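The values are calculated or read from the model by the stated rules, or taken from the named source; none is laboratory data. Just so we're clear, the structure is a prediction, and the values are computed from it rather than from any experiment. A quick note on method: Cβ atoms are made from the backbone with ideal geometry, for glycine too, and the neighbour counts reach across all protein chains shown. SASA here: full protein model, heavy atoms, side chains in, ligands and nucleic acids out. Shrake-Rupley method; radii C 1.70, N 1.55, O 1.52, S 1.80 Å.
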Amino acid sequence: MIHSKKIVVVLPAYKAEKTLIQTFNEIPFDIVDEVILVDDNSPDETISVAKQLGIHHIIKHDNNLGYGGNQKTCYNKALELGADIVIMLHPDYQYTPKLIHSMAYLIANDVYPVVIGSRILGKGALKGGMPMYKYIANRFLTLTQNILMNQKLSEYHTGYRAYNREVLQSIDYNSNSDDFIFDNQFLAQIFYKGFEIAEITCPTRYFEEASSINFSRSTTYGFGVLKTAMQYFFAKSLGIKSKFFKG
């Protein structure tokens with residue numbers, strides 16, 4: 001806890017048996033109160049490893065719901081446990097758990113309600129192995145989103161995020177996509193609701209065991225990002241509401 005605020009780390013897992021131990025062992029339990037692992041029907045031994053580590057809250061999907069569907073289960077369970085601050089950490093060790101302190105304190109001290117770990121701030125993305133085509137796509141999509149949404153994030157596509165309870169309760173994330181575009185819809189909804197987002201520099205790690213989507217799915221994701229940004233623009237600037245931007 002920080003200032004009597006309960007901190008819960010959620011691990012949306014899929015085929016994480018080789019990296020889960022290293023990720024878990026670096027979680028700072030001097031401030032983290034609970035860990036939730038949601039396994040999206042992995043075909044490996046992720047669940048067995050999680051049990052060996054003594055993770056108390058383990059949920060296994062009977063079917064593979066997708067990255068967004070996994071997060072929905074994570075956040076719903078965290079709120080059920082009374083979390084005041086929820087930090088999503090990928091168990092594939094692509095993002096370092098050593099930033100949890102920094103992210104949690106920004107929220108616990110009421111500086112920002114949302115904090116994301118940016119791979120683009122600084123020069124860590126390419127140095128850490130991000131493929132060039134993904135880097136270029138990231139920069140193009142982020143520029144377009146910032147223009148359409150009148151914001152100034154360094155990137156919208158990181159999977160390292162922390163939220164306070166109010167944000168999670170204010171947004172109907174359960175209606176979002178079950179696929180990778182969930183992350184982008186969620187950030188756009190956060191801005192639409194008037195919340196501010198802080199960014200901190202996050203080292204990038206690309207290696208064989210780290211999760212990544214292929215070129216085809218990346219293309220689908222890219223078009224989804226542009227669609228979300230356009231929907232935000234229409235809702236905010238022209239008053240044309242949609243499923244994700246209403247009220």
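Only a single item in (1) at pLDDT 95 or above; (2) surrounded by 21 or more Cβ atoms within 10 Å (Cβ to Cβ); (3) in contact with a Ser or Thr (Cβ under 7 Å, 6 or more places away or on another chain) is not met by T158, and it is number (1).
How many of the residues in the range 77-105 are over 19 Å from I171 (Cα atoms) and buried (at least 19 other Cβ atoms within 10 Å of the Cβ)? Reasoning before the result, please.
Narrowing the range 77-105 to residues over 19 Å from I171 (Cα atoms): 89-105.
Next, from what is left, pick out any that are buried (at least 19 other Cβ atoms within 10 Å of the Cβ): 89-95, 97, 99-100, 103-104.
Residues flagged as over 19 Å from I171 (Cα atoms) and buried (at least 19 other Cβ atoms within 10 Å of the Cβ) within the range 77-105 amount to 12.
Within the range 206-247, restricting attention to residues that are modelled with pLDDT under 85 and not in a loop (DSSP other than H, G, I, E, B), the residue that is surrounded by the fewest Cβ atoms within 10 Å (Cβ to Cβ) is S216.
Just checking, how many residues over the range 172-181 are part of a loop (DSSP other than H, G, I, E, B), in contact (Cβ under 8 Å) with a residue 24 or more places away in the chain and not aromatic (F, W, Y)? So that I can check it myself, show each step before the final result.
First pass over the range 172-181, keeping only residues part of a loop (DSSP other than H, G, I, E, B): 172, 176-181.
Among the residues that remain, those that are also in contact (Cβ under 8 Å) with a residue 24 or more places away in the chain are: 176-181.
Keeping just the survivors that are not aromatic (F, W, Y) gives 176-179, 181.
Number of matching residues: 5.
Regarding D40, is this residue among the acidic types (D, E), crowded, with 21+ Cβ neighbours inside 10 Å and in contact (Cβ under 8 Å) with a residue 24 or more places away in the chain? In short, yes.
For the range 28-38, a residue qualifies if it is over 26 Å from N64 (Cα atoms) and in contact with a strand residue (DSSP E or B) (Cβ under 6 Å, 6 or more places away or on another chain), and the qualifying residues are I31, V32, D33.
Residues checked against (1) surrounded by fewer than 16 Cβ atoms within 10 Å (Cβ to Cβ); (2) part of a helix (DSSP H, G or I); (3) of a type outside the set (G, A, S):
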{"site": "G129", "(1), (2), (3)": "yes, no, no"}
{"site": "S154", "(1), (2), (3)": "no, no, no"}
{"site": "E166", "(1), (2), (3)": "yes, yes, yes"}
{"site": "D183", "(1), (2), (3)": "no, yes, yes"}
{"site": "L187", "(1), (2), (3)": "no, yes, yes"}
{"site": "I190", "(1), (2), (3)": "no, yes, yes"}
{"site": "G194", "(1), (2), (3)": "yes, no, no"}
{"site": "E199", "(1), (2), (3)": "no, no, yes"}
{"site": "T204", "(1), (2), (3)": "no, no, yes"}
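On the stretch given as the range 106-127, residues that are modelled with pLDDT of 95 or more, among the hydrophobic types (A, V, I, L, M, F, W, C) and open to solvent by 60 Å² or more (accessible area, probe 1.4 Å) total 1.
Note on the range 105-125: among residues that are in a loop (DSSP other than H, G, I, E, B) and closer than 15 Å to I136 by Cα, the one that is farthest from the chain's Cα centre (by Cα) is K123. Between S42, S102, the distinction of being small (G, A, S), in a helix (DSSP H, G or I) and out of contact with any His (no Cβ under 8 Å at 6 or more places or on another chain) belongs to S102 only.
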